[in-house]
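Enquirer: One structure coming up, written as structure tokens, with questions to follow.
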Amino acid sequence: MSEQFENHDLNAGHSESEHHIVGPATYAIIFGALLVGTAITIGASYLEMGAWNPVVAIAIACIKATLVVLFFMHIKYSSKLMKLTVGAGVFTFLILVGMSLSDYISRAWGQW
């Protein structure tokens, strides 16, 4: 029975053993983009946008977090299962934040 597996490549057709090599230039570009995002966040904090200040800051933070997850954590080059796992984690986080905010908004503030 072992003769049957002698010339068989056990990893044929499986992407789990393949590794995508990301060059230093890609890391440098992403690092530069993160620095620019940080500078934009700092600049936006000095602008008077009223209630939009936290919205802009969170939007910039989400873009920066997406860059980190995709490139530094190599999710961009991972399997569909890994992408699904990350998506499920983000979805769960959004559900928890949404439920917390709905509780916070529905309280009768100042009516105690």
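The values are calculated or read from the model by the stated rules, or taken from the named source; none is laboratory data. Treat the numbers as computed from the prediction; the structure is a model and nothing was measured. Neighbour counts are summed over all protein chains in view; Cβ atoms, including those assigned to glycine, are modelled from backbone coordinates with ideal geometry.
Enquirer: Run down 95, 40, 60 and say which single residue is modelled with pLDDT of 95 or more, loosely packed, with under 11 Cβ neighbours inside 10 Å and assigned to a helix (DSSP H, G or I).
Expert: Details: 40 fails: loosely packed, with under 11 Cβ neighbours inside 10 Å; 60 fails: loosely packed, with under 11 Cβ neighbours inside 10 Å.
The unique qualifying residue is 95.
Enquirer: From 55, 69, grab the single residue that is surrounded by 13 or more Cβ atoms within 10 Å (Cβ to Cβ) and among the aliphatic types (A, V, I, L, M). Full working, then the answer.
Expert: Details: 55 fails: surrounded by 13 or more Cβ atoms within 10 Å (Cβ to Cβ).
After ruling out the rest, the residue left standing is 69.
Enquirer: Go through (1) surrounded by 10 or more Cβ atoms within 10 Å (Cβ to Cβ); (2) over 13 Å from the mean Cα position of the chain (by Cα); (3) modelled with pLDDT under 95 one by one and return the number of the condition residue 18 breaks.
Expert: Of the numbered conditions (1) surrounded by 10 or more Cβ atoms within 10 Å (Cβ to Cβ); (2) over 13 Å from the mean Cα position of the chain (by Cα); (3) modelled with pLDDT under 95, the odd one out for residue 18 is (1).
Enquirer: Can you find even one residue in segment 65-74 that is touching a residue at least 24 places away in the same chain (Cβ under 8 Å) and in a loop (DSSP other than H, G, I, E, B)? First the steps, then the outcome.
Expert: Applying the first criterion (touching a residue at least 24 places away in the same chain (Cβ under 8 Å)) to segment 65-74 yields 67-68, 71-72, 74.
From the residues that got through so far, the ones that are in a loop (DSSP other than H, G, I, E, B) too are 74.
Scanning segment 65-74 turns up at least one residue that is touching a residue at least 24 places away in the same chain (Cβ under 8 Å) and in a loop (DSSP other than H, G, I, E, B).
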